[in-house]
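Readers should treat all values here as calculations from the given coordinates under stated rules, not as data from a laboratory. Since the structure is predicted, the reported quantities are computational estimates derived from the model, not experimental observations. A quick note on method: Cβ atoms are made from the backbone with ideal geometry, for glycine too, and the neighbour counts reach across all protein chains shown.
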Amino acid sequence: MKCNVPIEGRSDKKFCSHYCKTEFHNKKNHENDKKFKEIDRQLKKNRSILKRLNPAEKNTVAKEMLVESGFNFKYFTHYYKTENSKVYFFCYEFGYRDLKKDGKYCLVKQET
């Protein structure tokens, strides 16, 4: 397809050889994998930050502390909504909730 070798065989054939087909798909998948790896890296970083700032498994911290540590609120693994509509966002087993006062966040560890 990109190696400029004439394609022979079926009329719907897209690659000149198995090698070219494999190379094409490996490059395509590598680009997708790169984005997933970046997201996974940030999720693990967020988890690490929550774990470090929450040694007692329940704590309150300022938003600035999270941000200065490199925490990215855009990435979380799941969320939990309580019966009284409080929403906790989790990075694996460590979670946080915006207390909506003074820029504070409640940090928790999910029970297993």
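How many residues, within the range 25-56, are surrounded by 15 or more Cβ atoms within 10 Å (Cβ to Cβ) and farther than 17 Å from GLN110 by Cα? Quick ask: steps written out before the conclusion?
As a first pass, look at the range 25-56 and keep what is surrounded by 15 or more Cβ atoms within 10 Å (Cβ to Cβ): 42-43, 45-51, 53-54.
Still in the list and also farther than 17 Å from GLN110 by Cα: 42, 45.
Residues meeting the conditions: 2.
Can you name the condition, by its number, that HIS25 falls short on among (1) touching a helix residue (DSSP H, G or I) at 6+ places or on another chain (Cβ under 9 Å); (2) assigned to a helix (DSSP H, G or I)?
Of everything listed in (1) touching a helix residue (DSSP H, G or I) at 6+ places or on another chain (Cβ under 9 Å); (2) assigned to a helix (DSSP H, G or I), HIS25 misses just condition (1).
For the range 31-43, which residues satisfy the criterion of being of a type outside the set (A, V, I, L, M, F, W, C) and without any contact (Cβ under 8 Å) to a residue 24 or more places away in the chain? Let's see the steps before the verdict.
We begin by selecting, within the range 31-43, every residue of a type outside the set (A, V, I, L, M, F, W, C); these are 31-35, 37-38, 40-42.
Correct list: GLU31, ASN32, ASP33, LYS34, LYS35, LYS37, GLU38, ASP40, ARG41.
Scan the range 86-112 residue by residue and report those that are over 21 Å from the mean Cα position of the chain (by Cα) and not in a strand (DSSP E or B).
Selection gives LYS86, LEU99, LYS100, LYS101, ASP102, GLY103, GLU111, THR112.
All but one of (1) in contact with a Cys (Cβ under 9 Å, 6 or more places away or on another chain); (2) part of a strand (DSSP E or B) hold for LEU43; state the number of the condition that does not hold.
(2)
LYS51 passes all but one of (1) in a loop (DSSP other than H, G, I, E, B); (2) touching a residue at least 24 places away in the same chain (Cβ under 8 Å); which number fails?
Result: LYS51 fails condition (1) only.
ASN59 - would you say it is outside any helix (DSSP H, G or I), surrounded by 11 or more Cβ atoms within 10 Å (Cβ to Cβ) and touching a residue at least 40 places away in the same chain (Cβ under 8 Å)?
Working: outside any helix (DSSP H, G or I): yes; surrounded by 11 or more Cβ atoms within 10 Å (Cβ to Cβ): yes; touching a residue at least 40 places away in the same chain (Cβ under 8 Å): yes.
Yes: the conditions hold for ASN59.
Output the residues belonging to the range 60-112 that are among the acidic types (Asp, Glu) and within 23 Å of LYS37 (Cβ to Cβ).
Quick first cut of the range 60-112, residues among the acidic types (Asp, Glu) only: 64, 68, 83, 93, 98, 102, 111.
Within the range 60-112, just GLU93 meets the criteria.
What number of residues within the range 1-22 are part of a helix (DSSP H, G or I) and either in contact with a Ser or Thr (Cβ under 8 Å, 6 or more places away or on another chain) or of a type in the set (Val, Ile, Thr) (or both)?
Let us first name the residues in the range 1-22 that are part of a helix (DSSP H, G or I), namely 18-22.
Filter again for either in contact with a Ser or Thr (Cβ under 8 Å, 6 or more places away or on another chain) or of a type in the set (Val, Ile, Thr) (or both), leaving 22.
Of the residues in the range 1-22, 1 are part of a helix (DSSP H, G or I) and either in contact with a Ser or Thr (Cβ under 8 Å, 6 or more places away or on another chain) or of a type in the set (Val, Ile, Thr) (or both).
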